[in-house]
Amino acid sequence: MLQVKSGDIDKLGILFERYKNSLFHYFFRISWNRDVSEDLVQNVFFRMLKYRHNFTGEGKFTSWMYHIAHNVFVDNFRKNKKYHYEEELTHTRSTEDDNLEKQIVKEEELKLLNDSLKLLNPEKRELLVLSKLRGMRYKDIGEVLNISEGAVKARICRAVKELKDIYLQLGGENENS
């Protein structure tokens, strides 16, 4: 990114190739919309180019990139208050697991977890995506969201609790159906 900042714009293509999938999955897990996620990834790289002069190189590049991604998401969310979620679930297929019943249970649990995630508000979903799926440290998430590490811990704790409650509630509804 320092090379992009100093005028070697072609290096942004390398960054795009390296981080486009991570950003896509980040946005997809928040929006559950493939087209929106692809557009937001493009917007992140546009902003990285536009605001390259703000990159100092002092912190982690990924923290700076996800800070931009967060801002892109917030701007898009404010502009488009309603999201039309697509039903796109990842189905785990294990060639090692011959037990069809276990496979069905795994797929049902994954679907239930994805359905539960969709019911969380976007802010809580974003926290869980950053911490659990992207594996970011609380300190780095705090830098991305401009909040303290303690606030990140508290918010993630509340998001996990709410996700668990939703999961159990949906699981109970499915058993009663």
Tally, over the stretch 54-94, of residues that are modelled with pLDDT of 80 or more, exposed (fewer than 15 other Cβ atoms within 10 Å of the Cβ) and within 15 Å of the chain's Cα centre (by Cα): 1
Enumeration of residues in the stretch 104-149 that are among the charged types (D, E, K, R), assigned to a helix (DSSP H, G or I) and more than 21 Å from LYS79 (Cβ to Cβ): LYS106, GLU107, GLU108, GLU109, LYS111, ASP115, LYS132, LYS139, ASP140, GLU143, GLU149
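Within the stretch 3-25, how many residues are more than 21 Å from PHE55 (Cα to Cα) and either over 15 Å from the mean Cα position of the chain (by Cα) or surrounded by 12 or more Cβ atoms within 10 Å (Cβ to Cβ) (or both)? Steps first, please.
Going residue by residue through the stretch 3-25, those that are more than 21 Å from PHE55 (Cα to Cα) are 21, 24-25.
With the extra rule that they be either over 15 Å from the mean Cα position of the chain (by Cα) or surrounded by 12 or more Cβ atoms within 10 Å (Cβ to Cβ) (or both), the set shrinks to 24-25.
Residues flagged as more than 21 Å from PHE55 (Cα to Cα) and either over 15 Å from the mean Cα position of the chain (by Cα) or surrounded by 12 or more Cβ atoms within 10 Å (Cβ to Cβ) (or both) within the stretch 3-25 amount to 2.
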Residue check, PHE45 surrounded by 13 or more Cβ atoms within 10 Å (Cβ to Cβ) and under 26 Å from ASN114 (Cβ atoms): no
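For the stretch 95-117, enumerate the residues that are at pLDDT 65 or above and either surrounded by fewer than 14 Cβ atoms within 10 Å (Cβ to Cβ) or in the same structural domain as SER22 (by TED's automatic domain parsing) (or both). Show your work before the answer.
Step one: of the stretch 95-117, the residues at pLDDT 65 or above are 104-117.
Answer for the stretch 95-117, where residues must be at pLDDT 65 or above and either surrounded by fewer than 14 Cβ atoms within 10 Å (Cβ to Cβ) or in the same structural domain as SER22 (by TED's automatic domain parsing) (or both): ILE104, VAL105, GLU108, GLU109.
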Filtered residue count, the stretch 54-81, keeping only those that are charged (D, E, K, R) and in a helix (DSSP H, G or I): 3
The stretch 131-160 residues that are under 14 Å from TRP64 (Cα atoms), paired with ones that are surrounded by 13 or more Cβ atoms within 10 Å (Cβ to Cβ) and aromatic (Phe, Trp, Tyr) (beta carbon under 8 Å, 6 or more apart): MET136/TYR66; ASP140/TYR66; VAL144/TYR66
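The values are calculated or read from the model by the stated rules, or taken from the named source; none is laboratory data. Bear in mind the structure is a predicted one, so any value in this text is a computation, not a measurement. Using ideal geometry, Cβ is built from the backbone for each residue, glycine included, and neighbour counts are taken over all protein chains shown.
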